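Structure record follows, encoded as structure tokens.
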Amino acid sequence: MARTTSAPPEEPAEKIIDIDVSEEMRGSFLEYAYSVIYSRALPDARDGMKPVQRRILYQMNEMGLRPDRAHVKCARVVGEVMGKLHPHGDSAIYDAMVRMSQDFAMRVPLVDGHGNFGSLGGDDAPAAMRYTESRMARAAQLLVTSIDENVVDFQPNYDGQEMEPEVLPAAFPNLLVNGASGIAVGMATNMAPHNLGEVIAAARHLIAKPDATLDELMEFVPGPDLPTGGTINGLDGIRDAYAKGRGTFKTRATVSIEKVSPRRTGLVITELPYNVGPEKVVGRIKELVQSKKLQGISDLKDLTDRNQGLRLVIELKNGFNPEAVLEELYRLTPMEESFGINNVALVDGQPQTLGLRELLQVFVDHRLDVVRRRCEHRRSKRQERLHLVAGLLVALLNIDEVIALIRQSEDTAQARQRLMSTFELSDTQARYILDTPLRRLTKYDRLELENERDQLNSEIAELTAILESDKKLRKVVSGELAKVAKEFGVPRRTVLRESSGATRSAVIPLEMGDEPCHVLMSTTGQLGRSKGATLPRMHDGLRTEHDAVALSIPARTRGDLGFITDLGRMIRVPVVELPELPDGDGDTPALAAGVPASEFVELDTDERLASIVAMNADGPGIVLGTEHGIVKRVAPEYPTNKDDFEVINLKEGDRIIGAAQLSTGEEDLVFVTSQAQLLRFPASAVRPQGRAAGGVAGVKLSDDARAVWFGVVALPEDSVVVTVTGSSTALPGTQAGAAKVTPFEVYPAKGRATGGVRCQRFLKGEDTLLFAWIGRAPARANRADGGPVRLPDLDQRRDGSGEPLTSPVAIVGSGRTDSGATPPA
């Protein structure tokens, strides 16, 4: 057998196509760009949704995750969306779902989440999708309502096995309410959130007046309403954005100036700019403070919690203007941020830059189309039902003939044909009659069918009227929007201000200047300083707590005070650390805004504050008086490297009972003893001594006597002496005693180290002077609890007896803020 050989197979001819690389790159890039723009980055102007957001809500609605159902794992939702609708990674889907649940990112959240969904500014990342749970929020149902009534068009998904909506019905202007942000190819969008009630009001106005101007619409929507609140300064950029689709505005944190501690003023931040988190602000402030670029801040605390929300407390150093520090914070930190509006959205599949009126018009047109299609769908369904009801009523009216006709038919097809020809029914009606069970052919069912027929006719007529009248259609859409606003509308959070928020630091110095002031202390120990050299106004009438002045010291805001204790210590305290006092107003005296003196110094258990003086580097110095009758004039030579030092060398058992600042050195010094003796002598009789000295004899005391008051009297003609006598055997603070108020000028001056003159005569049962005070009239007395005690009228007798009091006197002060008296012992 001959052997045949086969020819080798021919090699296929090469097919090489020459293309222009630039053209291929251009075409491929344009295709990619279109995909990103249309399918990922930009929202649709009708429902305000990006494709991933639309697919999430649609799939959650299909899964039945409505607000009245239980939450499910987010991973389950992400899996359903990714497997059926969204041809991208799970992280993109979950990130979109997380943002839709954040009330600090969305003005009206669309996802109701359980678990950690992140924090403001992205400082805290959300938990993984396997831990968190979600369901649709109540507002999200408005976006998908009536989606099964042929109100929007559907399109195949990425693999053609499922159908998804091209757009959601959107019962409120979601794009304006929640805003949007996204970066496409060659373009981006950044839209600010707005108040739902305001946007709906503008949309309803546009429905009623299609030719409404931008100014009319801005009466309803004056500006964005950010989820985090804050303040928007300057509305010019907002108007530009509403007119042209592009504009810029600045948003500031909401800050209040408060007392954060008894001695410190602070800035309390309760709202931050949009998309700015507290950790970002805290980190920036700490960086500026450490680099010395920001001064005046002593402490920073983040007290944010679930109960009170955001609360950042910035404690300021004394001597710094809170307003100036705040302006520096606005300038140097994210507490003031710019927001650039770029209203780019898809309209008929094409990206366009839209103003406020255009955005509202697109939504209104979409909503009109949705309601029109819904009415057509509902009318069609009702017409179909009416057709069936009409056929069934014919069968009921001819029930015997219908039953006989069916019984005589060979099969169902013959029965259907005979029903159609005999009673002039359609194929659909005949099939429905044959499928109807006999139990539905009773007399009662006939009445129900007649009622249903009438109801269907009425609804069809109503729907037809809406479809045939543009005015009625607009009225329906407007009414539905009004219901949404009533149910979901909330007050505005963001404050709008016309001013541009120009910095004030140019006119307000960061640090307070060295200005004259007065340091005041009340009879209950409240300390404060006046605003400038003008003394706070004290209100007249019935006295209240803290309204009597025990001490008034001329000082300067950058000067120092010396807190003198009864053990001979002087403690330096800067004047600027004292709170600034307002003028007394109504029932609120100026001194009520002070701070207890105990907040400024730490005293031992057996130590108390004797007086406060101004630590002037020049002048005649200060004078001290002790319980043993010693007087000392201290030269103004205070150490600059110590804030706590001795000013007198006290003998064992002795204590300081009073101290005062000398103004001229020509004032009178006064001792009052427990034996009701008053000694007045000139300050010039005491020579200045160093801090280590122990002083000289001031008043001569008997063996069982002690000095109970010491001080300086500069204006004898305006001063009064208040003395209270009682029994030495009674418990301290339990007896009211007898009081006397005498003009100081009736007491003659005597020599230093003498016994003085009697200032009050003891009554029966009295053997000691319980209390004494000398100062500017009128004198005001207080109980230990701060309540007032009424003193007797002025008595011109130098050694007269007093009048009984109703309550024990704990302290006395002057009703005048310019009083130079020292606090009583």
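Only one of these is under 30 Å from R99 (Cβ atoms), under 26 Å from the mean Cα position of the chain (by Cα), in a loop (DSSP other than H, G, I, E, B) and β-branched (V, I, T): V255, V276. Name it. First the steps, then the outcome.
Values: V255 fails: in a loop (DSSP other than H, G, I, E, B).
The conditions single out V276.
Whether any residue in the range 630-639 is surrounded by fewer than 22 Cβ atoms within 10 Å (Cβ to Cβ), touching a residue at least 40 places away in the same chain (Cβ under 8 Å) and within 20 Å of M521 (Cβ to Cβ) is what I want to check.
No: the range 630-639 contains no residue that is surrounded by fewer than 22 Cβ atoms within 10 Å (Cβ to Cβ), touching a residue at least 40 places away in the same chain (Cβ under 8 Å) and within 20 Å of M521 (Cβ to Cβ).
So which of L397, L447, L434, L393 is in contact with a Leu (Cβ under 6 Å, 6 or more places away or on another chain) and over 30 Å from D365 (Cβ atoms)?
L393
So which of V152, V98, V81 is crowded, with 20+ Cβ neighbours inside 10 Å, without any contact (Cβ under 8 Å) to a residue 40 or more places away in the chain and out of contact with any helix residue (DSSP H, G or I) (no Cβ under 6 Å at 6 or more places or on another chain)?
Values: V152 fails: without any contact (Cβ under 8 Å) to a residue 40 or more places away in the chain; V81 fails: out of contact with any helix residue (DSSP H, G or I) (no Cβ under 6 Å at 6 or more places or on another chain).
None of the other options fit; the residue is V98.
In the set V708, V699, V724, which member is closer than 28 Å to I612 by Cβ, β-branched (V, I, T), modelled with pLDDT of 90 or more and over 60 Å from the mean Cα position of the chain (by Cα)?
Checking each option against the conditions leaves just V699.
Among the residues of the range 418-439, write down those that are free of Cβ contacts under 8 Å to residues at least 12 places away in the same chain, farther than 16 Å from D400 by Cβ and not hydroxyl-bearing (S, T, Y).
Once the filter is applied, which keeps residues that are free of Cβ contacts under 8 Å to residues at least 12 places away in the same chain, farther than 16 Å from D400 by Cβ and not hydroxyl-bearing (S, T, Y), the range 418-439 yields M420, E424, D427, D435, P437, R439.
Of the residues that make up the range 231-240, is at least one assigned to a strand (DSSP E or B), surrounded by fewer than 23 Cβ atoms within 10 Å (Cβ to Cβ) and among the acidic types (D, E)? It would help to see each step written out before you state the result.
To start, the set of residues in the range 231-240 that are assigned to a strand (DSSP E or B) comprises 231-233.
Right, trim to surrounded by fewer than 23 Cβ atoms within 10 Å (Cβ to Cβ) and you get 231, 233.
Next cut, among the acidic types (D, E) only: none.
No, there is no match, as no residue in the range 231-240 is assigned to a strand (DSSP E or B), surrounded by fewer than 23 Cβ atoms within 10 Å (Cβ to Cβ) and among the acidic types (D, E).
So which residues in the range 536-566 are at pLDDT below 70 and of a type outside the set (D, E, K, R)?
Correct list: P536, M538, H539, G541, L542, T544, H546, A548.
Can you tell me how many residues in the range 73-90 are part of a helix (DSSP H, G or I), closer than 25 Å to P156 by Cβ and not β-branched (V, I, T)? Spell out how you get there, then give the answer.
We begin by selecting, within the range 73-90, every residue part of a helix (DSSP H, G or I); these are 74-84, 90.
From what is left, the residues that are closer than 25 Å to P156 by Cβ are 76-84, 90.
Keeping just the survivors that are not β-branched (V, I, T) gives 76, 79-80, 82-84, 90.
Total satisfying the criteria: 7.
For a quick check of your reading: which helices (runs of 4 or more DSSP H) sit entirely within the range 311-419 and have at least 1 residues that are at pLDDT 90 or above and farther than 30 Å from L438 by Cα?
322-332, 356-397
Would you check if there is a residue in the range 425-435 being small (G, A, S), touching a helix residue (DSSP H, G or I) at 6+ places or on another chain (Cβ under 6 Å) and at pLDDT below 90?
no
Only one residue in T333, T428, T353, T442 is β-branched (V, I, T), under 44 Å from the mean Cα position of the chain (by Cα) and more than 30 Å from R474 (Cα to Cα), so which one is that?
T333
Determine whether G89 is crowded, with 18+ Cβ neighbours inside 10 Å and more than 30 Å from E480 (Cβ to Cβ).
Numbers: crowded, with 18+ Cβ neighbours inside 10 Å: no; more than 30 Å from E480 (Cβ to Cβ): yes.
Judged against the criteria, G89 is not a match.
So which residues in the range 148-202 are assigned to a helix (DSSP H, G or I), within 19 Å of L42 (Cα to Cα) and touching a Phe, Trp or Tyr at 6+ places or on another chain (Cβ under 8 Å), if there are any at all?
Once the filter is applied, which keeps residues that are assigned to a helix (DSSP H, G or I), within 19 Å of L42 (Cα to Cα) and touching a Phe, Trp or Tyr at 6+ places or on another chain (Cβ under 8 Å), the range 148-202 yields L175, L176.
Report yes if some residue within the range 320-330 is without any contact (Cβ under 8 Å) to a residue 40 or more places away in the chain and surrounded by fewer than 20 Cβ atoms within 10 Å (Cβ to Cβ); otherwise report no.
Scanning the range 320-330, I find no residue that is without any contact (Cβ under 8 Å) to a residue 40 or more places away in the chain and surrounded by fewer than 20 Cβ atoms within 10 Å (Cβ to Cβ), so the answer is no.
Considering only residues of the range 158-174 that are closer than 15 Å to L57 by Cβ and touching a Pro at 6+ places or on another chain (Cβ under 9 Å), which is surrounded by the most Cβ atoms within 10 Å (Cβ to Cβ)?
N174
Considering only the range 695-798, give the strands (runs of 3 or more DSSP E) lying wholly within it that have at least 1 residues that are within 18 Å of T673 (Cα to Cα).
Output list reads 707-713, 719-726, 738-743, 768-776.
F600 - would you say it is of a type in the set (F, W, Y), farther than 20 Å from S552 by Cα and either at pLDDT 90 or above or surrounded by fewer than 24 Cβ atoms within 10 Å (Cβ to Cβ) (or both)?
For F600, the condition - of a type in the set (F, W, Y), farther than 20 Å from S552 by Cα and either at pLDDT 90 or above or surrounded by fewer than 24 Cβ atoms within 10 Å (Cβ to Cβ) (or both) - is not met.
On the given criteria, is L300 over 15 Å from the mean Cα position of the chain (by Cα), surrounded by 15 or more Cβ atoms within 10 Å (Cβ to Cβ) and assigned to a loop (DSSP other than H, G, I, E, B)?
When the stated conditions are applied, L300 does not pass them.
Identify, from the list R246, R239, the residue that is free of Cβ contacts under 8 Å to residues at least 60 places away in the same chain, in contact with a helix residue (DSSP H, G or I) (Cβ under 9 Å, 6 or more places away or on another chain) and closer than 21 Å to F339 by Cβ.
R239
Just to be sure I understand, how many residues within the range 603-632 are outside any strand (DSSP E or B) and among the hydroxyl-bearing types (S, T, Y)?
1
Return yes when L456 is at pLDDT 90 or above and not in a helix (DSSP H, G or I) and no when it is not.
Numbers: at pLDDT 90 or above: yes; not in a helix (DSSP H, G or I): no.
No, not satisfied.
Scan the range 627-668 for residues that are closer than 21 Å to L561 by Cβ and not hydrophobic (A, V, I, L, M, F, W, C) and report the count.
19
The values are calculated or read from the model by the stated rules, or taken from the named source; none is laboratory data. Note that the coordinates shown come from a computational prediction; the quantities given were computed from them, not determined experimentally. Ideal geometry is used to build each Cβ from the backbone, glycine not excepted, and the neighbour counts take in all protein chains shown.
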